[in-house]
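Some notes on the structure that comes next.
The values are calculated or read from the model by the stated rules, or taken from the named source; none is laboratory data. These numbers were taken from a predicted model, which means no experiment stands behind them. Ideal geometry is used to build each Cβ from the backbone, glycine not excepted, and the neighbour counts take in all protein chains shown. All accessible areas refer to the heavy atoms of the entire protein, side chains included, with ligands and DNA or RNA removed. Shrake-Rupley method; radii C 1.70, N 1.55, O 1.52, S 1.80 Å.
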Amino acid sequence: MHYFKTLALSLCATLAFATDVPDPRELSGGSTTVFKTGINAYSLPAANISFEERLKFSSGNSFFRNPWVTAPASTASRDGLGPLFNTNGCQNCHIKDGRGHPPEADTTNNVSLLVRISIPTSTGTTTEEPNYGGQLQDFAIPGAEPEGQIKITYQPVSFTFGDGSVIELRQPTLEITDLKYGPLHPTTLLSARIAPPMIGLGLLESISAKDILKHADAKDKNQDGISGKPNYVLDVQTNKKVLGRFGWKAGQPTILQQSAAAFNGDIGITSTLFPKDDCTNAQTACLKAVDGGTPELETNILDLVNFYSHHLAVPARRDITNPITLRGEQLFRDAKCNACHVETFTTAKHNDFPALSQQTIHPYTDLLLHDMGKGLADNRPDGDANGQEWRTPPLWGIGYTQEVNGHTFFLHDGRARNLTEAILWHGGEAQDAQHAFINMPTADREALIKFLESL
């Protein structure tokens, strides 16, 4: 009797082990992939980091999640907010480490959407707006005035599929109101941008530049209609131009610099990388405001946030055996969506963050710039990106957006209210893929969307 009981337990253990082995197609982030669903699906550490590293991840999370306060304060490690700012905490924009959203109709301030501002130069580049700097800040500490308020209105745009069915898109119009520091320069360029998800950033940084540039074809020499253009941007630590990877136009080269720039522009916190507050000469109260130290963001805290941002895991792909999902995956490839949304990379060896090393990942991005047409243009150059070019955003984890963030607003300004609308806004180099989608039967369009929702 004891023998059979032992055998049964052994078989159960064997079967349990067998069913616990993930299908490689589920591992969007390689060994870092996590299998959590629900509202915290974007907030977990990479599955393969040690216990000690999880403690470091948690410490970084506390500085990413909790609010910063005005100086001076008893919480000296968290003071220095402002004088001008967009929000008082990273996670207010990257909601649950996920995606931001455009302003609701009844809100007076924007939190998870910001507006880049600049004026064009004679050399085809841009420089900061003289009264307001490079980013509009719609909050201020006591004694200073917010720069202005962001107002977005929408006009309906009717769109007809090949089968005759009709959908209504919405075209945003951006306006800055309640300007407190004089009028904007008459040639000011504006670009609204929602906060992107934080998952998998360390893996994207771990892809070698050489592997990314294999997909670049800026002059479309192979004449497939797809360019793929790198954006070379300034690394402020080395003072050299390197490949940009992060941000809607690949305007930042590293997670560290992206994080420090966001602390500076979004929260008004200075660091060793960005030691000055974003105050212009017209903003005297901003220039005279009390600071929280020099710099306000201590280096060890920036390092903790950097570690946290590197190791936010990508959730597993789902429904990998569903026939409709598989049909949608094939349609995605047939439409050549994967010409820009590149499915697979293998990360390089990463000495600082070994958990991210040599992982086979499925981010669905080439991290390159592509002309997306006039419909999505902000007409604002950003480094080597022109006014119609955007970096291919990663698609991994996109199917979790509703359950994590409670909405499905996509694209750089959140104008698309679902994945179908996001595809229909694709133009420029993506025009052929968009046309393929438009002319699919309804069942095929639904299958392609179901595939995207599986990621």
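Evaluated at q = 0.14, 0.19, 0.20 Å⁻¹, a Debye calculation over the C-alpha positions of the range 237-384 (equal weights, vacuum) places log10 I(q)/I(0) at -0.95, -1.31, -1.36.
Based on the Cα atoms of the chain, what semi-axes does the equivalent ellipsoid have, where each is the square root of 5 times one gyration tensor eigenvalue, given in whole Å with the largest first? Let's see the in-between values first.
On the way: eigenvalues 270, 176, 84 Å².
One finds semi-axes of 37, 30, 21 Å for the chain.
Pairs to check: Lys214/Lys336; Lys349/Lys450; Lys240/Lys276; Lys96/Lys241; Lys36/Lys249. Give those whose C-alpha atoms are more than 28 Å from each other in this structure. Beyond 28 Å: Lys349/Lys450; Lys96/Lys241; Lys36/Lys249. In plain terms, the bigger the Kirkwood radius, the slower the diffusion; for the range 206-248, with that radius from Cα pairs, at 10 °C and 1.306 mPa s, Stokes-Einstein puts D at 136 µm²/s. When a 1.4 Å probe is rolled over the protein heavy atoms, the share of accessible surface on the chain that falls to carbon and sulfur comes to 55 percent. Arg25 sits with roughly 100 Å² accessible to a 1.4 Å probe, with DNA, RNA and ligands left out of the calculation.
Two decimals is fine: what's Rg over Rh for the range 109-154, C-alpha atoms, Kirkwood radius as Rh?
Values: Rg = 12.7 Å, Rh = 12.1 Å.
Checking Rg against Rh, the ratio lands at 1.05.
Ranked by the mean number of other Cβ atoms within 10 Å of their residues, highest first, the peptides 259-265, 300-306, 186-192 fall in the order 259-265, 300-306, 186-192.
When the alpha-carbon atoms of the range 19-116 are used, the pair Rg, Dmax equals 17.6, 55 angstrom.
Which values, in whole Å and largest first, are the semi-axes of the equivalent ellipsoid of the range 65-199 obtained as the square root of 5 times each eigenvalue of the Cα gyration tensor?
On the way: eigenvalues 189, 96, 39 Å².
Computed over the range 65-199, the values are 31, 22, 14 Å.
Computed over the range 382-455, the range of Cα coordinates on each principal axis works out to 38, 32, 19 Å, biggest value leading. The 3J(HN,Hα) values that the Karplus relation (6.51, -1.76, 1.60; θ = phi - 60°) gives for the range 87-100 are, in residue order, 7, 10, x, 4, 6, 5, 8, 8, 4, 6, 6, x, 8, x Hz. Gly and Pro appear as x. The solvent-accessible area of Phe35, taken with every protein chain present and a 1.4 Å probe, is close to 110 Å². For the range 61-178, with the dipole built from +1 on Lys and Arg beta-carbon atoms and -1 on Asp and Glu ones, taken about the Cα centre, which of Gly89, Thr125, Val115 lies farthest toward the positive end? Projecting each Cα onto the dipole axis, the largest value belongs to Gly89. Computed log10 I(q)/I(0) for the range 138-210 at 0.11, 0.12, 0.17, 0.19 Å⁻¹: -0.62, -0.70, -0.89, -0.92, from the Debye equation with unit scatterers placed on every C-alpha and solvent omitted.
At q = 0.10, 0.15, 0.18 Å⁻¹ the log10 of I(q)/I(0) for the range 136-268 amounts to -0.57, -1.06, -1.17, computed by Debye summation with a single uniform scatterer per C-alpha, solvent ignored.
Against the criterion of solvent-accessible heavy-atom surface with a 1.4 angstrom probe, Lys56, Lys249 sort, most first, into Lys56, Lys249. Rolling a 1.4 Å probe across the protein heavy atoms gives the chain an accessible surface of 45 Å² per residue.
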